[in-house]
Amino acid sequence: AAPRPAAGTPAVTWQVGARPLPRRPDGFGEVEPTPPELVNRALPTKDVLPSPPGNTYASTISAVPADVLARSTWQPACPVKAGDLRYLTMSFWGFDGRAHTGEMLVNASGAAGITKVFGRLFAAHFPLEEMRVTSPAELTAPPTGDGNSTSAFVCRPARGQTTWSAHAYGLAVDVNPFCNPYTQGDLVLPELASAYVDRSRVRPGMVLAGDATVRAFAAIGWSWGGAWTSPKDRMHFTATGH
């Protein structure tokens with residue numbers, strides 16, 4: 001028999017990344033209705049680092065270790081030098097009600113501020129599903145439309161463009177992308193997140209105008225893509241305004 005989850009741990013009802021979507025002509029996946037298992041998303045966190053001792057917020061800022069850089073999307077053609085990035089570890093609450101330790105690469109100029117932001121989110125018990133460094137394989141993998149990793153540095157162009165994204169400089173953070181989807185026209189990203197386009201149905205992990213998350217980023221001078229008209233990028237916080 002399968003081991004029973006500990007009390008308070010959400011059941012694993014969905015295997016993230018298991019089912020590739022057919023592609024649209026623009027290269028994104030086909031936008032499909034949200035599967036019932038993800039309409040009120042609360043999947044357990046897979047730990048990448050040891051959980052923090054106790055339930056107090058802890059964070060570290062360091063130069064990017066060579067092994068972390070090697071498994072990140074950084075390469076010499078990126079618009080930021082490896083030496084201008086920092087490796088953060090930060091405590092966060094999972095949807096399982098437990099404290100976890102996440103990791104993030106950000107621009108050195110924003111490192112101290114970002115650890116403050118996530119300290120405020122921890123104090124507010126704002127849940128995150130996962131926080132880990134994006135791998136190169138994720139940039140070329142077929143779209144599955146069900147990702148929900150909170151991350152910052154990703155060396156890629158802006159969506160649908162050839163210019164570098166603010167993420168490529170480590171100057172943007174995406175928070176719970178599935179709970180806070182990007183929309184433009186008929187495009188929803190992640191592609192299975194349509195149930196979260198209705199912001200009147202408030203569920204854990206959502207970012208809403210004027211809430212603790214928006215205020216925490218605003219306090220360090222970062223703006224929110226959810227305030228844009230088109231596209232509306234509800235997951236996106238940026239130091240550059242883009």
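When you look at ALA158, is it open to solvent by 10 Å² or more (accessible area, probe 1.4 Å) and farther than 24 Å from PRO35 by Cα, yes or no?
On the way: open to solvent by 10 Å² or more (accessible area, probe 1.4 Å): yes; farther than 24 Å from PRO35 by Cα: yes.
Answer is yes for this residue.
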For this session: Please tell me if THR60 is at pLDDT 95 or above, open to solvent by 60 Å² or more (accessible area, probe 1.4 Å), part of a strand (DSSP E or B) and touching a Phe, Trp or Tyr at 6+ places or on another chain (Cβ under 9 Å).
Result: yes
For this session: Determine the pairs where a residue that is over 12 Å from THR240 (Cα atoms), located within segment 209-224, has a partner that is buried (at least 22 other Cβ atoms within 10 Å of the Cβ) and among the aromatic types (Phe, Trp, Tyr) with Cβ atoms under 7 Å apart, the partner being 6 or more residues away or on another chain.
Result: VAL214/TRP224; PHE217/TRP224; PHE217/PHE237
Seminar exercise, completed: Within segment 208-219, the count of residues that are part of a helix (DSSP H, G or I) and either in contact with a Ser or Thr (Cβ under 7 Å, 6 or more places away or on another chain) or over 13 Å from PHE126 (Cβ atoms) (or both) comes to 1
For this session: Check whether at least one residue in segment 18-34 is open to solvent by less than 40 Å² (accessible area, probe 1.4 Å) and not in a loop (DSSP other than H, G, I, E, B), and report yes or no.
Result: yes
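So, in segment 116-135, exactly how many residues are open to solvent by 30 Å² or more (accessible area, probe 1.4 Å), in contact (Cβ under 8 Å) with a residue 60 or more places away in the chain and closer than 27 Å to PRO35 by Cα? Steps first, answer last, please.
At the first step, the residues of segment 116-135 found to be open to solvent by 30 Å² or more (accessible area, probe 1.4 Å) are 116, 120, 123-125, 130, 132, 135.
Those left that are additionally in contact (Cβ under 8 Å) with a residue 60 or more places away in the chain: 116, 120, 123-124, 130, 132, 135.
Remaining after also requiring closer than 27 Å to PRO35 by Cα: 130, 132, 135.
Within segment 116-135, residues that are open to solvent by 30 Å² or more (accessible area, probe 1.4 Å), in contact (Cβ under 8 Å) with a residue 60 or more places away in the chain and closer than 27 Å to PRO35 by Cα number 3.
Assess whether ARG71 counts as being more than 30 Å from ARG203 (Cα to Cα), basic (Lys, Arg) and surrounded by fewer than 22 Cβ atoms within 10 Å (Cβ to Cβ). I'd like the intermediate steps shown before the answer.
Numbers: more than 30 Å from ARG203 (Cα to Cα): yes; basic (Lys, Arg): yes; surrounded by fewer than 22 Cβ atoms within 10 Å (Cβ to Cβ): yes.
Spelling it out, ARG71 is indeed more than 30 Å from ARG203 (Cα to Cα), basic (Lys, Arg) and surrounded by fewer than 22 Cβ atoms within 10 Å (Cβ to Cβ).
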Seminar exercise, completed: Looking across segment 200-225 at residues that are crowded, with 20+ Cβ neighbours inside 10 Å and either acidic (Asp, Glu) or over 14 Å from the mean Cα position of the chain (by Cα) (or both), the single one that is nearest to SER165 (Cα to Cα) is TRP222
Problem set entry | Residue satisfying condition, being within 19 Å of ALA216 (Cα to Cα) and open to solvent by 10 Å² or more (accessible area, probe 1.4 Å), within set GLY185, GLY113, GLY102, GLY97 | GLY113
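With the structure loaded, tell me whether VAL173 is open to solvent by less than 30 Å² (accessible area, probe 1.4 Å), among the β-branched types (Val, Ile, Thr), farther than 18 Å from THR34 by Cα and assigned to a strand (DSSP E or B) or whether it fails that test.
On the way: open to solvent by less than 30 Å² (accessible area, probe 1.4 Å): yes; among the β-branched types (Val, Ile, Thr): yes; farther than 18 Å from THR34 by Cα: yes; assigned to a strand (DSSP E or B): yes.
Taking the combined requirement at face value, the residue satisfies it.
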Seminar exercise, completed: Going through segment 76-91 in order, the residues found to be open to solvent by 30 Å² or more (accessible area, probe 1.4 Å), at pLDDT 95 or above and part of a loop (DSSP other than H, G, I, E, B) are PRO79, LYS81
For this session: Can you give me the number of residues within segment 12-29 that are over 19 Å from the mean Cα position of the chain (by Cα) and small (Gly, Ala, Ser)?
Result: 1
Problem set entry | Unmet criterion (only one of (1) among the charged types (D, E, K, R); (2) under 16 Å from the mean Cα position of the chain (by Cα); (3) assigned to a helix (DSSP H, G or I)) for LYS46 | (3)
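Among what's in segment 220-230 and is modelled with pLDDT of 95 or more and not in a helix (DSSP H, G or I), pick the residue that is farthest from ALA112 (Cα to Cα). Before you say what the answer is, go through the steps one by one.
Keep residues of segment 220-230 that are modelled with pLDDT of 95 or more, which gives 220-228.
Going one step further and asking which of them are not in a helix (DSSP H, G or I), we end up with 220-224, 228.
Details: ILE220: 9, GLY221: 12, TRP222: 13, SER223: 17, TRP224: 19, TRP228: 26 Å.
Restricting to residues being modelled with pLDDT of 95 or more and not in a helix (DSSP H, G or I), the top hit is TRP228.
Pick from segment 92-131 the residues that are among the hydroxyl-bearing types (Ser, Thr, Tyr) and not in a strand (DSSP E or B): which of them is farthest from ASN180 (Cα to Cα)?
Taking segment 92-131 as the starting set, the residues that turn out to be among the hydroxyl-bearing types (Ser, Thr, Tyr) are 101, 109, 115.
Restricting the remaining residues to those that are not in a strand (DSSP E or B) gives 109, 115.
Working: SER109: 25, THR115: 21 Å.
Top of the filtered list is SER109.
The values are calculated or read from the model by the stated rules, or taken from the named source; none is laboratory data. Small disclaimer: the values here were computed from a predicted structure and weren't measured. Please note: Cβ atoms are built from the backbone with ideal geometry, for glycine as well, and neighbour counts cover all protein chains shown. These accessible areas exclude ligands, DNA and RNA; they are computed on the full protein's heavy atoms, side chains included. Shrake-Rupley method; radii C 1.70, N 1.55, O 1.52, S 1.80 Å.
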